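The values are calculated or read from the model by the stated rules, or taken from the named source; none is laboratory data. Everything numeric in this text was worked out from a predicted model, so none of it was measured. Ideal geometry is used to build each Cβ from the backbone, glycine not excepted, and the neighbour counts take in all protein chains shown. For the accessible areas, the whole protein counts, side chains as well, though only heavy atoms, and no ligand, DNA or RNA atoms are used. Shrake-Rupley method; radii C 1.70, N 1.55, O 1.52, S 1.80 Å.
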Amino acid sequence: MKILFYLGHPAHFHLFKNTLFYLKKNNVKFEIIIKSKEILEQLLIESKLEYINIEKVERKANILSIFLSLLSRIKSIYSLVRKRNFTHFIGTSIELSILGRLLGVKSYIFLEDDFKAVPLFGLLAFPFAYKIVTPQVCNVSFWEYKSLKYNGYQKIAYLHKNNFKSNSKVLNKYNIRNNYSLVRISALGAHHDLNQKQINFETVSKIVNELKKYGSVYISSEEKNLPAFLEEYRLKINISDYHHILANSLFHIGNSQSIAIECAIIGIPNVCISHFKDKIGVLNELSQKYKLIDMITVDEIDKFLLDSKKYFSKEFKNHFLENNNKMNEEKIDVTKFIIEKIIYTKNNMN
């Protein structure tokens with residue numbers, strides 16, 4: 001058995017990191033390839049996992065650049081793997097799906113979005129994938145017959161109680177006070193983000209000023225050049241400490257769906273600003289069934305500013321934690337699922 005993992009985003013590192021550490025500990029052969037994306041390479045360096053970077057410069061956020069980069073990566077990965085005798089590919093990418101079919105290698109393509117939310121990805125990846133690995137609530141349209149479902153979410157792979165223990169002592173490293181909120185400004189560049197209405201800096205400033213009523217405020221952002229009136233709030237930490245900082249916060253708001261889901265899992269009241277409101281199964285379940293994410297659009301931010309105090313009330317927090325406990329009791333350890341149902345299946349052991 002020899003496995004290729006392809007990581008294209010920091011979230012993919014977190015999704016697979018505990019699986020990778022397990023495989024390394026048990027001397028299972030695997031290799032990692034990545035493309036440059038935000039802090040992904042830095043995370044791998046800190047993890048001491050070996051990797052090959054096939055795209056060292058981040059592409060531009062337009063359709064032509066996305067398409068040309070895809071073709072370039074397919075060529076690069078093909079050159080690396082065609083004679084390496086991998087038994088299966090694991091990742092979240094179109095590239096692995098196409099190359100898996102071309103080379104006769106089983107590709108397990110992980111996804112946490114419904115087909116209707118990422119139709120271009122689905123049309124290019126699903127026909128060639130061996131298995132499409134998704135939460136039970138995801139709908140992959142015509143390709144449901146090849147889906148491999150699990151009762152959980154991708155973020156549980158690294159935030160499940162078996163794999164993550166919040167450490168409040170991390171706050172002391174950065175002189176962070178206990179009562180603080182986090183604001184996230186994500187850089188949007190995926191093909192499904194191109195038409196998303198952006199949050200402007202003036203709106204972020206309004207959010208910060210509102211949250212200051214309840215404690216300190218920190219901004220987490222990939223923007224290299226925040227305006228001076230926001231730069232003073234920038235969160236400056238070691239990236240490996242981020243989830244501990246998140247887990248000890250009072251509240252989170254931002255335009256990252258991934259971090260909203262993380263908040264839901266670890267029990268942090270949060271608001272997600274997204275054009276995917278009511279469009280993705282995972283977000284729908286967490287926001288509607290479990291009441292663990294409040295989804296709003298950019299046009300609804302003023303309403304949040306008027307209602308923000310509810311998130312800091314004792315009654316809201318108690319009810320939120322009850323819902324969080326219920327959700328976590330009903331979901332599985334996703335890392336354990338990957339190891340038992342994908343890595344060590346009879347088909348992959350042959």
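Pairing residues of the stretch 281-304 that are on the phi < 0 side of the Ramachandran plot with residues that are in a helix (DSSP H, G or I) and among the β-branched types (Val, Ile, Thr), at Cβ distances under 8 Å and at least 6 apart in sequence or on separate chains, gives VAL282/ILE261; LEU283/ILE261; LEU286/ILE261; ILE293/ILE261; VAL298/THR203; ILE301/THR203; ILE301/ILE207; PHE304/ILE207.
Set side by side, the residues LEU71, LEU43, LEU80 differ, and just one is surrounded by fewer than 17 Cβ atoms within 10 Å (Cβ to Cβ) and touching a residue at least 40 places away in the same chain (Cβ under 8 Å), which is LEU80. Set side by side, the residues PHE86, PHE126, PHE110 differ, and just one is without any contact (Cβ under 8 Å) to a residue 40 or more places away in the chain and crowded, with 20+ Cβ neighbours inside 10 Å, which is PHE126.
Of the strands (runs of 3 or more DSSP E) lying entirely inside the stretch 229-309, those containing at least 1 residues that are β-branched (Val, Ile, Thr) and either buried (at least 20 other Cβ atoms within 10 Å of the Cβ) or within 17 Å of the chain's Cα centre (by Cα) (or both) span 251-254, 270-273. Criterion first (touching a residue at least 24 places away in the same chain (Cβ under 8 Å) and touching a Ser or Thr at 6+ places or on another chain (Cβ under 9 Å)) does ILE3 satisfy it? For ILE3, the condition - touching a residue at least 24 places away in the same chain (Cβ under 8 Å) and touching a Ser or Thr at 6+ places or on another chain (Cβ under 9 Å) - is met.
For the structure I just gave you, tell me whether SER308 is among the hydroxyl-bearing types (Ser, Thr, Tyr) and out of contact with any Asp or Glu (no Cβ under 7 Å at 6 or more places or on another chain). Here the answer is no, as SER308 does not meet what is asked. Quick one: in the stretch 169-181, of everything that is in contact (Cβ under 8 Å) with a residue 12 or more places away in the chain and farther than 14 Å from TYR242 by Cβ, which residue is most open to solvent (accessible area, probe 1.4 Å)? Only one residue fits best here, namely ARG177. For the stretch 140-163, the set of residues classified as modelled with pLDDT of 95 or more and assigned to a loop (DSSP other than H, G, I, E, B) consists of VAL140, ASN151, GLY152, TYR153, GLN154, LYS155, listed by residue number.
Taking the listed residues ILE132, ILE66, the one that is at pLDDT below 95 and either assigned to a helix (DSSP H, G or I) or open to solvent by less than 60 Å² (accessible area, probe 1.4 Å) (or both) is ILE66, with no other qualifying. Residues of the stretch 46-63 that are surrounded by 13 or more Cβ atoms within 10 Å (Cβ to Cβ) and modelled with pLDDT under 90: GLU55, GLU58, ARG59, ALA61. In the stretch 4-40, of all residues being β-branched (Val, Ile, Thr), buried (at least 22 other Cβ atoms within 10 Å of the Cβ) and not in a helix (DSSP H, G or I), the one that is farthest from the chain's Cα centre (by Cα) corresponds to ILE33.
Tell me whether the stretch 96-107 contains one or more residues that are in contact with a His (Cβ under 6 Å, 6 or more places away or on another chain), assigned to a loop (DSSP other than H, G, I, E, B), surrounded by 16 or more Cβ atoms within 10 Å (Cβ to Cβ) and of a type outside the set (A, V, I, L, M, F, W, C). No, the stretch 96-107 has no match at all. Taken together, ILE207, ILE245, ILE239 contain a single residue that is touching a residue at least 24 places away in the same chain (Cβ under 8 Å), among the β-branched types (Val, Ile, Thr) and in contact with a Pro (Cβ under 9 Å, 6 or more places away or on another chain), which is ILE239.
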